[in-house]
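**Q** Take this structure first; my questions come after.
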Amino acid sequence: MTFFRILLLVALLASIAVPLSAQQGRPTPYRIAETGKEYRSLADAVGKIGGGTGTIEVQPGIWRDCVVQEAGNITYRAVTPGTAIFDGGVCEDKATLVLRGRSARVEGLIFQNIAVRDENGAGIRLEWGDLTVVNSLFRDSQQGILSAQNPGGRIVIDRSTFSGLGLCASDCAHSLYIGDYGSLTVTRSRFEKGQGGHYVKSRAARVSITDSSFDDSRGNGSNYMIDLPGGASGEITRNIFVQGQNKENWSAFIAVAAEGRSYSSAGLQIFGNDASLAPGVERNTWFVANWSRDPIPQGENRLGKGLSPYDQR
């Protein structure tokens, strides 16, 4: 066999051995960490885990995929945080991830450009179970995270960003909208550039919103920074709030029980926060507006010009 025929044979064998995904220049999107098996469909990976427990690793790339999780405890984790992007994929005309299993954990993922006909398109639609979101980004969609009701459920959000979300065309969507859940915990997260609705609207019985920032300086038609429409206990502490000019409702930064009293707010602690109006904004408003008759103890908050600490409504 001549030298050139040997080279040709080696090249032919190499082309056969290279996976189709590599030939096309794209990795197989999903891998179950526990088994090492790869899947082209997120639904196939979730279906393989089924009612068990597993971690789905998402490769870098832009994926127009979605899934409905019906059972199990599943972690959705970017192999490299900030490089795995879910772009516009929607299941059940609801969200990219529709979750109604026992629990889900989301790590290092980006959700963007999500819209549906009823204007409630979300990166995550939580219909049952516990949810933890870490180091993830939700941007330029109708909503970031939307939940149904689960009074025994727990939602935790840490080190995540919600940007360019919300809509108030026919009805309001929000950056984060939590139904009647047991608890909501938000830590070390950022909310910015709201395009309507509230940055955080929560009907959870207990909230803990701490060490986070709410930058409304580039908002457009936005409302409250935090809305607890049925009241809640817990804490809102060590956050930074900046209210911008372009508001649909600028009458308060934090609203408590504006839609009725589902839960007592007597145990709600609000202290250690910084709140101000964006440069060039001239108005008088309130940091906290309370529609309930529950006393809300406020410690020291650093309020800028034009802000009064409390209004009983």
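**Q** Take region 287-313 and flag every residue that is modelled with pLDDT of 95 or more and either among the basic types (Lys, Arg) or on the phi > 0 side of the Ramachandran plot (or both).
**A** Those that are modelled with pLDDT of 95 or more and either among the basic types (Lys, Arg) or on the phi > 0 side of the Ramachandran plot (or both): Arg302, Lys305, Gly306.
**Q** OK, next. Mind checking whether some residue in region 231-247 is of a type outside the set (D, E, K, R), within 15 Å of Val207 (Cα to Cα) and at pLDDT below 95?
**A** No, that holds for no residue.
**Q** Kindly check whether there is at least one residue in region 84-97 that is surrounded by fewer than 18 Cβ atoms within 10 Å (Cβ to Cβ), among the aliphatic types (A, V, I, L, M) and over 26 Å from Gln149 (Cα atoms).
**A** Checked region 84-97: no residue is surrounded by fewer than 18 Cβ atoms within 10 Å (Cβ to Cβ), among the aliphatic types (A, V, I, L, M) and over 26 Å from Gln149 (Cα atoms).
**Q** Of all residues being out of contact with any Leu (no Cβ under 7 Å at 6 or more places or on another chain) and at negative phi in region 112-121, which is surrounded by the most Cβ atoms within 10 Å (Cβ to Cβ)? Just the residue, please.
**A** Ile114
**Q** Then there is this: Output the residues belonging to region 159-178 that are open to solvent by 20 Å² or more (accessible area, probe 1.4 Å) and modelled with pLDDT of 95 or more.
**A** Arg159, Thr161, Tyr177
**Q** Of all the strands (runs of 3 or more DSSP E) wholly in region 229-313, which have at least 2 residues that are of a type in the set (Val, Ile, Thr) and open to solvent by less than 70 Å² (accessible area, probe 1.4 Å)? It would help to see each step written out before you state the result.
**A** Values: elements: 233-237, 240-243, 254-256, 268-271, 274-277, 285-290, 307-312.
Per the criteria, 233-237, 254-256, 285-290.
**Q** Would you tally the residues in region 179-218 being among the basic types (Lys, Arg), buried (at least 22 other Cβ atoms within 10 Å of the Cβ) and not in a loop (DSSP other than H, G, I, E, B)? Write out each step before concluding.
**A** Of all residues in region 179-218, those among the basic types (Lys, Arg) come to 188, 190, 193, 201, 203, 206, 218.
Retained after the next criterion (residues that are buried (at least 22 other Cβ atoms within 10 Å of the Cβ)): 201, 203.
With not in a loop (DSSP other than H, G, I, E, B) added as a condition, the list becomes 201.
The number of residues fulfilling the criteria is 1.
**Q** Let me ask something additional. Condition first: surrounded by fewer than 18 Cβ atoms within 10 Å (Cβ to Cβ) and more than 20 Å from Glu192 (Cα to Cα). Now tell me which residues in region 129-157 satisfy that.
**A** Thr132, Ala148, Gln149, Pro151, Gly152, Arg154
The values are calculated or read from the model by the stated rules, or taken from the named source; none is laboratory data. Model, not experiment: these values are computed from the prediction. FYI the Cβ positions are ideal-geometry reconstructions off the backbone, even for glycines, and counts take in every protein chain you see. Note: areas computed on protein heavy atoms with side chains; ligands, DNA, RNA excluded. Shrake-Rupley method; radii C 1.70, N 1.55, O 1.52, S 1.80 Å.
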